[in-house]
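The values are calculated or read from the model by the stated rules, or taken from the named source; none is laboratory data. Values in this document were obtained by computation on a predicted structure and should not be read as measured data. Counting neighbours? That spans all protein chains shown, and the Cβs are built from the backbone with ideal geometry, glycine included. Quick note on the areas: whole protein, heavy atoms, side chains included, nothing else; ligands and nucleic acids left out. Shrake-Rupley method; radii C 1.70, N 1.55, O 1.52, S 1.80 Å.
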Amino acid sequence: MARALITVPRTAKRGEILEIRALVQHPMETGYRRSSEGDLLPRDLIRRFSCRFVESGKTDDTGVIVIAATLHAAIAANPYLSFNLRAATSGTLAFNWEGDNGFSHREQVALIVT
Amino acid sequence: MKRRIFFANSVGLMASVVVRPVAALTQSDVLTPLVNAYAAGGGVREGRVKFDIAPLVDNGNSVPVEITVDSPMTQAQHVVGIALFNEKNPQNQVAEFTLSPLAGRARVATRIRLALSQQLVAVAKMNDGSCWTHTVEVLVTIASCIEE
């Protein structure tokens, strides 16, 4: 199970622009490196990331994309992403990472907007 | 008075020295087709995008980058996507982002790998189809891909 570190303020004023930071534990193996025995290490990447905002009281699949990303081998190990969100209503931020070898990780963070 | 004029002139001179190499940077032949492919027919112009990266990088394994685009991020006017390409890594794609007005600010930051000293380009696609770019040159002293 991967570990993720997400920084989102717990509360925000309406209209405020928040900074969101998300990091997930993953080697992001490029497929170009060799092991000490000289064998090519197989590629193992996180390919997709998304952060959706789900208004409170709504179901998860009605979320609106805040940001989505397609990542390649040039993204450093333990992919870190930082972006912004304009606080409009209270709700949940749903983070999702997907990658090679069936890698999938989800996180949810509640946000209260006053 | 003379002294004051001298200082004013020297400040102007310094500013021009700092600015000129950036303006004179010609985009690599490797990057131009990638930018045009991403733009998909929309006009590509330089400007509105600001690429924030250290010009001299010690360790290419993890290089912090930040891309900000001059946009109000409203429903009527916003950035729909940002793409990042490199010149000399084994793969030219770094990342493509999709943004929505919900983001409030057209900004993304991440950490990337750089195999060699090379050029990087950030392309921002607006909701009206126009594309804006910023190209930077980065010197890398310890390359990525060497680490075991």
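So A:Asp61 ticks every box in (1) exposed (fewer than 14 other Cβ atoms within 10 Å of the Cβ); (2) within 11 Å of chain B (Cβ to nearest Cβ); (3) more than 11 Å from the chain's Cα centre (by Cα) but one. Which box is left unticked?
(2)
Name the one entry in B:Lys88, B:Lys125, B:Lys50 that is touching a strand residue (DSSP E or B) at 6+ places or on another chain (Cβ under 9 Å), more than 7 Å from chain A (Cβ to nearest Cβ), under 21 Å from A:Ala73 (Cα atoms) and among the basic types (Lys, Arg).
Of B:Lys88, B:Lys125, B:Lys50, the one residue that is touching a strand residue (DSSP E or B) at 6+ places or on another chain (Cβ under 9 Å), more than 7 Å from chain A (Cβ to nearest Cβ), under 21 Å from A:Ala73 (Cα atoms) and among the basic types (Lys, Arg) is B:Lys88.
Which condition number does B:Leu102 fail, the rest of (1) open to solvent by less than 60 Å² (accessible area, probe 1.4 Å); (2) within 8 Å of another protein chain (Cβ to nearest Cβ); (3) within 17 Å of the chain's Cα centre (by Cα) being met?
(3)
Tell me, which strands (runs of 3 or more DSSP E) wholly within chain A include 3 or more residues that are free of Cβ contacts under 8 Å to residues at least 40 places away in the same chain?
A:64-71, A:104-113
Can you find even one residue in region B:51-69 that is within 20 Å of A:Ile65 (Cβ to Cβ), surrounded by fewer than 16 Cβ atoms within 10 Å (Cβ to Cβ) and modelled with pLDDT of 90 or more?
Scanning region B:51-69 turns up no residue that is within 20 Å of A:Ile65 (Cβ to Cβ), surrounded by fewer than 16 Cβ atoms within 10 Å (Cβ to Cβ) and modelled with pLDDT of 90 or more.
Only one residue in B:Leu116, B:Leu139 is part of a loop (DSSP other than H, G, I, E, B) and among the aliphatic types (A, V, I, L, M), so which one is that?
Unique residue meeting the criteria: B:Leu116.
May I ask you to list the residues in region B:108-118 that are open to solvent by less than 10 Å² (accessible area, probe 1.4 Å) and either over 12 Å from the mean Cα position of the chain (by Cα) or more than 7 Å from every other protein chain (Cβ to nearest Cβ) (or both)?
Passing the criteria: B:Thr110, B:Ile112, B:Leu114, B:Gln118.
Sort out which residues of region A:2-23 are of a type in the set (A, V, I, L, M, F, W, C) and within 12 Å of another protein chain (Cβ to nearest Cβ), and write them in order of number.
Correct list: A:Ala12, A:Ile17, A:Leu18, A:Ile20, A:Ala22, A:Leu23.
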